[in-house]
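The values are calculated or read from the model by the stated rules, or taken from the named source; none is laboratory data. These figures come from a predicted structure and were not determined experimentally. Quick reminder, even Gly has a Cβ in these numbers, built from the backbone with ideal geometry, and neighbours come from all protein chains shown.
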Amino acid sequence: MSVLIISQAQVRQLLLMDECIELMHMAFTALARETAIVPLRPIMRLPHKRGVLALMPGYSSNPEALAVKAIAVFPGNLGTSYDSHQGAVLLFDVNDGRLLSVMDASEVTAIRTAAASAVATELLAHQTAEELAILGSGVQARTHLEAMLAVRNIRRVRVWSRSPERAHAFSERERERFNVQFEVATDAAQAVYGAGVICTATAAREPVLLGEWLSSGAHINAVGSASPVMRELDTAAVRNARLFVDSRESAVNEAGDFLIPLKEGAIREDHILAEIGEILEGTAQGRTHDDEITLFKSLGLGIQDVLAADHIYAKAKDLGVGTEVDLGGLR
């Protein structure tokens with residue numbers, strides 16, 4: 001049985017940001033319409049907090065597609081030659097269960113996570129937002145920059161990282177790709193001051209974004225933490241923001257940014273106002289006035305990987321991209 005192997009570079013070639021943003025619209029809508037099956041991901045944590053291994057299965061009924069992502073998350077890889085997120089997405093035939101494709105998960109995760117934030121930003125951020133703050137300088141900082149530029153007319157980007165060297169390297173590299181002004185901030189407070197859109201894309205276990213720094217009307221995409229005991233935002237930032245999520249089930253099980261303030265008694269469970277798909281479907285309201293602070297807590301969903309993988313596979317077949325390998329499966 002022939003299986004199509006698609007590399008990291010080929011995923012980047014095939015999954016364009018504007019296309020992926022449309023796919024994330026579909027993913028959020030499918031979740032809201034209950035036309036997708038998205039089990040809560042099982043996570044195995046390794047000793048000594050080295051990393052985790054997560055399985056993210058999902059099924060879409062329109063288009064019909066079936067896939068699972070196996071992803072190893074090792075935050076300690078920051079600053080090395082290895083991505084913090086590594087693994088593979090396996091795409092299956094929905095009719096007979098044949099394995100159709102194995103593709104790199106690092107790039108799928110990087111692009112679809114940023115594209116999901118772009119959908120949230122479209123819905124929640126000011127139309128006139130021109131200043132972007134990025135906390136972090138890794139893979140998600142790269143893709144979030146591209147995604148934010150796709151949905152807002154950003155003119156200035158302020159970057160902060162715990163490594164000033166990486167922040168400068170990131171800014172120099174991205175300045176060559178995009179015609180916007182870059183500034184490396186000396187601290188996170190300086191980065192977010194006056195920013196209309198803020199993306200937190202760090203491996204922090206403790207808050208790097210404080211509520212007291214936020215300007216009225218700001219929108220935040222918080223994507224770095226996916227653990228009940230880790231968070232990027234302090235309690236004040238979450239308490240003072242109108243909170244939206246990709247999935248309530250995921251948020252109440254996995255989001256330290258939500259669960260820690262909840263445990264402290266600073267917020268209640270109804271602080272989660274809606275899922276992004278509910279806003280898209282018109283059953284929930286997003287931003288209600290100019291001065292409020294909005295927060296999208298992203299955890300990532302299997303349905304996002306399913307639709308991205310289905311799209312990548314179809315384009316790869318059309319363009320003759322990838323390597324066919326015989327892996328068996330026949331009787």
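Please return the ranges of strands (runs of 3 or more DSSP E) entirely within the range 251-331 where 3 or more residues are over 25 Å from LEU91 (Cβ atoms). Qualifying strands (runs of 3 or more DSSP E): 272-275, 293-297.
Against the definition (over 23 Å from the mean Cα position of the chain (by Cα) and either under 20 Å from ALA32 (Cα atoms) or assigned by TED's automatic domain parsing to the domain that holds LEU135 (or both)), how does THR235 come out, yes or no?
Working: over 23 Å from the mean Cα position of the chain (by Cα): no; either under 20 Å from ALA32 (Cα atoms) or assigned by TED's automatic domain parsing to the domain that holds LEU135 (or both): yes.
For THR235, the condition - over 23 Å from the mean Cα position of the chain (by Cα) and either under 20 Å from ALA32 (Cα atoms) or assigned by TED's automatic domain parsing to the domain that holds LEU135 (or both) - is not met.
Condition first: of a type in the set (S, T, N, Q), out of contact with any strand residue (DSSP E or B) (no Cβ under 6 Å at 6 or more places or on another chain) and in a loop (DSSP other than H, G, I, E, B). Now tell me which residues in the range 187-232 satisfy that.
Selection gives SER215, SER216, SER225, SER227.
You will find that of LEU149, LEU132, the residue that is part of a helix (DSSP H, G or I) and in the same structural domain as PRO207 (by TED's automatic domain parsing) is LEU149 and no other.
One line per residue, one yes/no per condition, for (1) exposed (fewer than 15 other Cβ atoms within 10 Å of the Cβ); (2) of a type in the set (Asp, Glu); (3) touching a residue at least 60 places away in the same chain (Cβ under 8 Å); (4) over 26 Å from ILE260 (Cβ atoms):
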| residue | (1), (2), (3), (4) |
| --- | --- |
| GLY138 | no, no, yes, no |
| LEU149 | no, no, no, yes |
| ARG152 | no, no, no, yes |
| ARG158 | no, no, no, yes |
| ARG177 | yes, no, no, yes |
| ALA201 | no, no, yes, no |
| ALA204 | no, no, no, no |
| TRP213 | no, no, no, no |
| ALA218 | no, no, yes, no |
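Scanning the range 77-114 for residues that are free of Cβ contacts under 8 Å to residues at least 60 places away in the same chain and assigned to a helix (DSSP H, G or I) yields ASN77, ALA110. Of the residues GLU275, GLU281, GLU264, GLU324, the single one that is crowded, with 16+ Cβ neighbours inside 10 Å, acidic (Asp, Glu) and either out of contact with any Leu (no Cβ under 8 Å at 6 or more places or on another chain) or touching a residue at least 24 places away in the same chain (Cβ under 8 Å) (or both) is GLU275.
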